[in-house]
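S.K.: Just passing along the structure, written as structure tokens.
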Amino acid sequence: MSSAADAVRSAIRRSGPITFDRFMAEALYGPGGFFATGRGAGRAARDFVTSPQVGALFGALVARELDEQWVGLGRPDPFVVIEVGAGSGRLARDILRAEPACTAALRYVLVEGSPGLRAEQPQHVALDAPEVVLGPFAVEEPDEPPEPVLGTGPLVCSLDDLPARRVDGVVFANELLDNLPFGVAERTADGWCEVRVGLDGDEFTEVLVPCAAPPTFGIAVPVGVRVPIDRALTPWLQRAARCLRRGSVVLVDYVVAMADIVERSPHWLRTYAHHARGSEPLAYPGAYDITADVVSEHLVDAASRAGLVVVDDTSQADWLRSLGLDDLVSQARSTWEEQAHIGGLEALAARSRVHEAAALTDPEGLGAFRVVRLAAHR
């Protein structure tokens, strides 16, 4: 019996049926939860593969995105990149290995809530103290405000939450929003009800209660359809926006229109474990990842509430191509064709890069993800 399941049972016995987002928070992030135990993205003993696990190509192209953002901001030093949901630090490693032009100004902040995944980060990147990365400062004259020491990058630190200070830079999140705890509403013949999680003996069961604030949509929603209630989306974007004095929030995730959610109900809610779809989400809290498509209308509304505006929204495939993917693949294919007969590490790396590009741009997979850039209303 998992400690995540025990925590959920205890909460229900104390206060009655709980919202699905509270259930999800315990199942994913509570003691014994899926991510709290260090599971998640990766190959072999992990549970699912995200773009950074495909290979180093994704990180090399993200490095180009960061350079574009840095130049667009006027080449600030320090230039702070806050990667939220950074996992074991693999993406940060690949970005640094790509040696972006902003390297000397770069301060990279890994934000990861899982102690298990944070413990793996030193295997991929050398970590500095947060006060060094988010400083260092020197006082040139008495009574003058401290100024950051320039040209000391790259510096990397790890935090369990977003930093409190405001910076010039980028907040980057790859496949994070789909794991923010969300509620579930169902359209019934009598109106909207919220799905809560209760107990039948020791077994988890669904309980429908009337919605305190019924959701509204611009489309007709048939009886029986379920939709996500993205209660955590606006607060998260507000916190991300507060980190930025100047800069952008760049989000990579599976984002779909509400019409798609309605059409595919209830299959927009999924569980994963061991690289396969899992059972229904109430079965084994803590054993599976619980995820859902992000609703584009909800994202735009939440961004506006956070003082952010959508400046770009494109597929991952098109985004990567805009960063020079095709040229890198063409070079790799030429190298492979020239050296395949002799083998060697360079030839194998070139062949791997071609395969990575295909996976990252697959229109039925990672290539269909949306890349959404948000900027502050200034």
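The values are calculated or read from the model by the stated rules, or taken from the named source; none is laboratory data. Note that this is a predicted model, so its numbers are computed, not measured. FYI the Cβ positions are ideal-geometry reconstructions off the backbone, even for glycines, and counts take in every protein chain you see. The protein model used for the area step is the full one, side chains on, heavy atoms only, and it has no ligands, DNA or RNA in it. Shrake-Rupley method; radii C 1.70, N 1.55, O 1.52, S 1.80 Å.
S.K.: Of all residues in the stretch 307-344, which are hydrophobic (A, V, I, L, M, F, W, C), in a helix (DSSP H, G or I) and modelled with pLDDT of 85 or more?
M.R.: Ala317, Trp319, Leu320, Leu325, Leu328, Val329
S.K.: Can I ask one more? With respect to Ala189, is the statement that it is over 28 Å from Leu237 (Cβ atoms) and open to solvent by 20 Å² or more (accessible area, probe 1.4 Å) true?
M.R.: Taking the combined requirement at face value, the residue satisfies it.
S.K.: Then there's this: Of the numbered conditions (1) touching a strand residue (DSSP E or B) at 6+ places or on another chain (Cβ under 7 Å); (2) at pLDDT 95 or above, Gln238 fails exactly one; give the number of that condition.
M.R.: Looking at each condition in turn, Gln238 falls short on (1).
S.K.: Which condition breaks for Gly116 when tested against (1) among the small types (Gly, Ala, Ser); (2) open to solvent by 10 Å² or more (accessible area, probe 1.4 Å); (3) out of contact with any Ser or Thr (no Cβ under 9 Å at 6 or more places or on another chain)?
M.R.: It fails just one condition, (3).
S.K.: Which of the numbered conditions does Asp362 fail, given that it passes all the others? Conditions: (1) of a type in the set (Asp, Glu); (2) at pLDDT below 65; (3) open to solvent by less than 70 Å² (accessible area, probe 1.4 Å).
M.R.: For Asp362, the failing item is (2).
S.K.: From Thr205, Thr216, which residue is among the polar types (S, T, N, Q) and modelled with pLDDT of 95 or more?
M.R.: Thr205
S.K.: Another question, if that's okay. Give me the pairs, please: first residue somewhere in the stretch 220-236 and more than 15 Å from Val184 (Cα to Cα), second residue anywhere and not basic (Lys, Arg), beta-carbon distance under 8 Å, and either six or more positions apart or on two chains.
M.R.: Going by the 8 Å Cβ cut-off, the qualifying pairs are Pro222/Val262; Thr234/Asp301; Thr234/Ala302; Thr234/Ala306; Trp236/Leu177; Trp236/Leu180.
S.K.: Counting only residues that are surrounded by fewer than 17 Cβ atoms within 10 Å (Cβ to Cβ) and of a type outside the set (A, V, I, L, M, F, W, C), which one in the stretch 119-129 is modelled with the lowest pLDDT?
M.R.: Out of the qualifying residues, it is Glu120.
S.K.: Could I ask something else about it? Among the residues of the stretch 220-238, count how many are touching a Lys or Arg at 6+ places or on another chain (Cβ under 9 Å), of a type outside the set (Val, Ile, Thr) and loosely packed, with under 15 Cβ neighbours inside 10 Å.
M.R.: 2
S.K.: Considering the stretch 71-97 alone, what residues qualify as being under 19 Å from Thr152 (Cα atoms), open to solvent by 10 Å² or more (accessible area, probe 1.4 Å) and without any contact (Cβ under 8 Å) to a residue 40 or more places away in the chain?
M.R.: Passing the criteria: Val71, Gly74, Arg75, Arg93.
S.K.: Can you tell me which residue within the stretch 153-175, out of those that are part of a strand (DSSP E or B) and farther than 30 Å from Val49 by Cα, is most open to solvent (accessible area, probe 1.4 Å)?
M.R.: Applying the filter and picking the extreme gives Asp168.
S.K.: Evaluate the stretch 273-292: report whether one residue or more is closer than 25 Å to His355 by Cα, of a type in the set (Gly, Ala, Ser), in contact (Cβ under 8 Å) with a residue 12 or more places away in the chain and surrounded by 15 or more Cβ atoms within 10 Å (Cβ to Cβ).
M.R.: Among the residues of the stretch 273-292, at least one is closer than 25 Å to His355 by Cα, of a type in the set (Gly, Ala, Ser), in contact (Cβ under 8 Å) with a residue 12 or more places away in the chain and surrounded by 15 or more Cβ atoms within 10 Å (Cβ to Cβ), which makes the answer yes.
S.K.: Could you list, in sequence order, all residues of the stretch 10-36 that are part of a helix (DSSP H, G or I) and either open to solvent by 30 Å² or more (accessible area, probe 1.4 Å) or of a type in the set (Asp, Glu) (or both)?
M.R.: If the condition is that a residue be part of a helix (DSSP H, G or I) and either open to solvent by 30 Å² or more (accessible area, probe 1.4 Å) or of a type in the set (Asp, Glu) (or both), then Ser10, Arg13, Arg14, Ser15, Asp21, Arg22, Ala25, Glu26, Tyr29 are the ones that fit.
Table: residues versus (1) without any contact (Cβ under 8 Å) to a residue 60 or more places away in the chain; (2) open to solvent by less than 20 Å² (accessible area, probe 1.4 Å).
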{"site": "Asp202", "(1), (2)": "no, no"}
{"site": "Leu208", "(1), (2)": "yes, no"}
{"site": "Ala213", "(1), (2)": "yes, no"}
{"site": "Thr216", "(1), (2)": "yes, no"}
{"site": "Ala240", "(1), (2)": "no, yes"}
{"site": "Arg245", "(1), (2)": "no, no"}
{"site": "Val249", "(1), (2)": "no, yes"}
{"site": "His267", "(1), (2)": "yes, no"}
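S.K.: Somewhere in the stretch 345-356, is a residue modelled with pLDDT of 90 or more and either surrounded by 14 or more Cβ atoms within 10 Å (Cβ to Cβ) or of a type outside the set (A, V, I, L, M) (or both)?
M.R.: Yes; the residues of the stretch 345-356 include at least one that is modelled with pLDDT of 90 or more and either surrounded by 14 or more Cβ atoms within 10 Å (Cβ to Cβ) or of a type outside the set (A, V, I, L, M) (or both).
S.K.: Give the residues of the stretch 152-179 that are under 30 Å from Ile229 (Cβ atoms) and either touching a Pro at 6+ places or on another chain (Cβ under 9 Å) or free of Cβ contacts under 8 Å to residues at least 24 places away in the same chain (or both), sorted by residue number.
M.R.: Of everything in the stretch 152-179, those that are under 30 Å from Ile229 (Cβ atoms) and either touching a Pro at 6+ places or on another chain (Cβ under 9 Å) or free of Cβ contacts under 8 Å to residues at least 24 places away in the same chain (or both) turn out to be Leu159, Asp160, Pro163, Ala164, Asn174.
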